[in-house]
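The values are calculated or read from the model by the stated rules, or taken from the named source; none is laboratory data. Keep in mind that what you see is a predicted model, and the values were worked out from it rather than measured. With ideal geometry, Cβ positions are generated from the backbone for all residues, glycine too; neighbour counts draw on all protein chains shown. Accessible surface is based on the protein model in full, side chains and every heavy atom, while ligands, DNA and RNA are left aside. Shrake-Rupley method; radii C 1.70, N 1.55, O 1.52, S 1.80 Å.
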Amino acid sequence: PDYLASLEGRFSAMMARVVEINQEALQMGLHLLIFPEGTRQLRLGRGHTGAAQIALYTGAPVVPIGCNGSDRCYPKDSPLSRGGAITYRVGAPLRPEAELRPFRDAVAGRPFVPFTASAEVHGATFRAMTDLMMDRINALLDPPYQRDPEASGPSGEGEGAKRFL
């Protein structure tokens, strides 16, 4: 079998399972915790569109949360805390029937499954919704953690897999 086709098939199966697990969790009354940047950064970055895809697909509201001070408690990439204080601020929910409605309406005519080729047609909608979510998170952060207004591009752009190590 073609290696690329095999890899794409495995990735699609894995992403289908991710979507299924998220749906099961929501049906059980659980909440999803998604980090739209994919990793911790000192300053807020642009964010990836996966949270928007899941929220639009499932109809779940999005609650922005700003995290301040984790860099002082968890130095570099260490999972072990050295102690200290982290301040979390919880923002107003972005509801499917209100703030997220324009994005829902934009995808309504063309069904999609998150993280698949069928979702690619909605890329601009996912990006716009992600930008709204990141704006809401940014407003919950202390100035040292907010987006850098002097930066030329989104934080983390161009770093590839390095951000995940």
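Of all residues in the stretch 38-47, exactly one satisfies the criterion of being closer than 24 Å to Val121 by Cβ and buried (at least 19 other Cβ atoms within 10 Å of the Cβ), namely Gly47. Taken as a whole, the structure leaves Arg72 outside the set of residues that are open to solvent by 60 Å² or more (accessible area, probe 1.4 Å), modelled with pLDDT of 95 or more and closer than 21 Å to Leu140 by Cα.
How many of the residues making up the stretch 12-53 are of a type in the set (A, V, I, L, M) and either in contact with an Asp or Glu (Cβ under 7 Å, 6 or more places away or on another chain) or more than 16 Å from Leu94 (Cβ to Cβ) (or both)? Can you show your working first?
In the first step, residues of the stretch 12-53 are kept if they are of a type in the set (A, V, I, L, M); the result is 13-16, 18-19, 21, 25-26, 28, 30, 32-34, 42, 44, 51-52.
The next check asks that each one be either in contact with an Asp or Glu (Cβ under 7 Å, 6 or more places away or on another chain) or more than 16 Å from Leu94 (Cβ to Cβ) (or both); those that pass are 13-16, 18-19, 21, 25, 28, 30, 42, 44.
The qualifying residues number 12.
Residue pairs whose Cβ atoms lie under 6 Å apart, sitting 6 or more positions apart in sequence or on different chains, and linking a residue in the stretch 6-21 that is touching a residue at least 60 places away in the same chain (Cβ under 8 Å) and under 22 Å from Ala60 (Cα atoms) to a partner that is open to solvent by less than 100 Å² (accessible area, probe 1.4 Å) and not acidic (Asp, Glu), are Met15/Phe115; Val19/Pro114.
Would you say Pro114 is modelled with pLDDT under 95, under 13 Å from Ala51 (Cα atoms) and either in contact with a strand residue (DSSP E or B) (Cβ under 9 Å, 6 or more places away or on another chain) or open to solvent by less than 50 Å² (accessible area, probe 1.4 Å) (or both)?
Working: modelled with pLDDT under 95: yes; under 13 Å from Ala51 (Cα atoms): yes; either in contact with a strand residue (DSSP E or B) (Cβ under 9 Å, 6 or more places away or on another chain) or open to solvent by less than 50 Å² (accessible area, probe 1.4 Å) (or both): yes.
Yes; evaluated as a whole, the condition is true for this residue.
Kindly indicate whether Arg127 is modelled with pLDDT of 95 or more, out of contact with any strand residue (DSSP E or B) (no Cβ under 7 Å at 6 or more places or on another chain), open to solvent by 40 Å² or more (accessible area, probe 1.4 Å) and closer than 22 Å to Gly50 by Cα. In short, yes.
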